[in-house]
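Report on the following structure.
What follows draws every value from the coordinates through simple rules; no lab data is involved. This is a predicted model, so every value here is computed, not measured. Here Cβ is always computed from backbone atoms with ideal geometry, including for glycine, and neighbour counts include all displayed protein chains.
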Amino acid sequence: MAYLLSYTRLPIDNILYDPRLAYSMHLALSEDGKSYQALNHNSGVLFVKATENEDASVTPWSLVSPVMFATEEGYGILAKRIGSEGDEDPESAGKCLYFTTKDFLEYVEVGFVSETEAEKMLVGAPKLPVPKVEELDILGAVPSNVLEIPEAVADRLRKKLITPVNCGVEFPTQVKVSGPEELNQYKASSIFSDGTKVERKVDWDLTTVDFNTPGTYRLKGRIHQEHFEFPVAFNRADPCVGKWNGKYYFIATNDADNNHTLYIREADTLPELVEAEEILLLDSTTYEGIGGLLWAPEFHEVDGKWYIFHAATPGEFFWEESHVMALREGGNPVNREDWSAPRRVVKADGTNICEEGKEITLDMTVFDWEGEYYAIWSQRQFLPKDLGAWLYIAKINPKEPWKLASEPVVLLKPDYGWSNNHTFVVEGPFALPKEDILYITFSGAAVDTSYVVGLLSIPKGKDLLDPKNWKQGNYPILTARSVEGEYGTGHNAYVTDEDGTIWNTYHARPGVEGVRSSGIRRVHFDIDGAPMLDVTEELDLREEYAWVETQVVVS
C-alpha cells in the first residue's frame, strides 16, 4: 500500500503560479505516510470545468479543499467550487462538487451534491493523519486529506506523473557481421524508470575491428543522441520542421520584426537546421492583401503535394485569417518564386469561414487520418463580444486544400483554468497519429509565462467530427514547471527523422522576461503510448548508460 496526499497550492503571482493554477487538486505520494513526493512537477491534475453561458461564452471556476475517498467503482473526490481567482461562488453555497476517478489520472465531473449527501459519502471513510505544511517539502502546498491506495495504483501514478529517467541499457552480448554496415541493424535499448524502452542506433569505435580478417573482436560504442541546446533560435515562435524530398526545413513566426516576414531554413539533417542559413520566403509587402502579422506557418503534405498553412492579414489584427501557399510541381522550397501567392482558406462553397473584422482564424493544421484529410484551427469572435479562441475541425478537400469539405464543428473551448489563464484561448493544434489512436496537442492561455500544452485524443474508428468522441486531458502535459528555465512553453509541432525518432518543435521563453524562442526535444511515449514532452536530454540519456560493449564476430 501507499499514501496519496491531495492538496492545493498558495498562488505565487500572475507570472509564476496563478490562482487558476494553484486552486486545483495536486497530488503527492508517500510510502510511509510521512515523506511525500509531489507529482506532475507540483502542478495540478484536477481542474474544475468552466460552465457555458447562453451567449456561448464560458465562466471559469476553481476549487479548494479536495477530499479523496474510496468507492465501490474506484474513487471519489469532493471539493468546494470557488471563483476562478479564489473569490466566493454564491452558486455553490451549501454544496460540494463531486468527481469520480479510477486511477487519479482521468476524472469525471459529476456535478454538485448537497453537503448532507457529501457527508453520507464520507461515512466510514478512514481519516488518516494529514501532514502539516511545515512537514512537507512541497512549495506552497495546502494539504487537504490523505488516502491509502494499492501499490498498483501508486505505481501507475509514478509512471505517468513523474518524468521518466534513463536507468539502464540493453544490447546483445555478441553480434555476427560480415562488414561494418551490418552493425546498423543492431540497436541498443535505453531503459527508462517507467519501464519503457527506446531503440537507438550506436556510434561505434571501429578501430578495434579488422573487417577484412575473420575473428572475434571487442567492440565499444556510444548510444547516438542528437544535441539541441535551448533555444535553437531566438525570437522564433510557433516553429515547425518538415521533410520534403530527403531534406529538412524549418519555419517559424518571426518575432524579431513584429511578424512581417517568414524565413525558411534547409538542411540535410535535423541538427544542421540550427546553423542553416535563413532565406526570406514571404513578407508583408509582396502580395496585395498580405500585410503584417504573418503567424504560425506549418508545412503539410496533402495528396502528394507540399503546402504551407499560415495566418495573415491585410494589415489589421481583426482581419487575421488562415491562408495556404502551394509549392509548384518540382519546385525548390527555399525559392520563394516556387511558392504560390497565399490563398485564403474558405468553405466548400467558396464563402469565408467567418466574417473578417469580427472574427479571426489562425494556427490551421492539417493531417491525414484513416484515409481522410482534416483541418483543425483556432477561431476567435471579437465582435459583438469577445468569446475567446476555440478549436474547430472540418474535413478538407485534398485536391484543393484551401477549401473545407464539411461544415466547421466546435471541437474545444478553453474550459479549464490552465487554458483560460490570462485569456480565454486554445490554439496551436498539431496532430500526432499513432497506430490505433490520434493525439492532438494544442496550446492554451496567454502567450506569456502561463502558456501550456494540452492533449486531445480519439481512438481509431471514431467520427472526428463528433466532439463527444474526443477525450481532453484534465491537466496540461507541458508547462513552465516542466523544464527548469523554460517559461510559456507551447505551440508545438512534430517531425519524424530518418531513424524513426519523433521530435517536438516548440517555443518557450528562456527566462520569465525572455523572448519567445524555439526548441527541439525528443518525444517520449509513456506506458500507455501517450506523448511526454518533458524528457530533457539529461534525463533521456544518462552518461552511465550511454556506452555499450559487445563481441563482434566477423565472418
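Looking across the stretch 320-331, the residues that are of a type outside the set (Lys, Arg) and over 31 Å from the mean Cα position of the chain (by Cα) come down to GLU329, GLY330, GLY331. When restricted to residues that are touching a residue at least 40 places away in the same chain (Cβ under 8 Å) and either within 25 Å of LEU478 (Cα to Cα) or part of a strand (DSSP E or B) (or both), the stretch 45-60 contains 9.
Here LYS247, LYS201 are screened, and the one residue that is within 21 Å of LEU541 (Cα to Cα), basic (Lys, Arg) and touching a residue at least 12 places away in the same chain (Cβ under 8 Å) is LYS201.
The single residue among VAL113, VAL165, VAL142 that is free of Cβ contacts under 8 Å to residues at least 40 places away in the same chain, under 26 Å from VAL45 (Cα atoms) and surrounded by fewer than 18 Cβ atoms within 10 Å (Cβ to Cβ) turns out to be VAL113.
Looking only at the stretch 175-196, decide whether some residue is within 26 Å of the chain's Cα centre (by Cα), of a type outside the set (Ser, Thr, Tyr) and surrounded by fewer than 11 Cβ atoms within 10 Å (Cβ to Cβ).
Within the stretch 175-196, not a single residue is within 26 Å of the chain's Cα centre (by Cα), of a type outside the set (Ser, Thr, Tyr) and surrounded by fewer than 11 Cβ atoms within 10 Å (Cβ to Cβ).
Mind listing just one residue for me: the one in the stretch 306-334 that is hydroxyl-bearing (Ser, Thr, Tyr) and out of contact with any helix residue (DSSP H, G or I) (no Cβ under 8 Å at 6 or more places or on another chain) and, of those, farthest from ASP238 (Cα to Cα)? Filtering the stretch 306-334 for residues that are hydroxyl-bearing (Ser, Thr, Tyr) and out of contact with any helix residue (DSSP H, G or I) (no Cβ under 8 Å at 6 or more places or on another chain), the one farthest from ASP238 (Cα to Cα) comes out as TYR307.
Among the residues of the stretch 76-121, the ones that are within 22 Å of ALA154 (Cα to Cα) and not in a strand (DSSP E or B) come to 5 in all.
Considering only the stretch 34-49, I want to know if a residue exists there that is surrounded by 14 or more Cβ atoms within 10 Å (Cβ to Cβ) and farther than 29 Å from ASP155 by Cα. No: zero hits. The residues in the stretch 211-270 that are among the aliphatic types (A, V, I, L, M), within 21 Å of the chain's Cα centre (by Cα) and within 30 Å of TRP547 (Cβ to Cβ) can be counted, and the count is 3. Taking the criterion of being β-branched (Val, Ile, Thr) and touching a Lys or Arg at 6+ places or on another chain (Cβ under 7 Å), the only residue of the stretch 1-53 that qualifies is VAL48.
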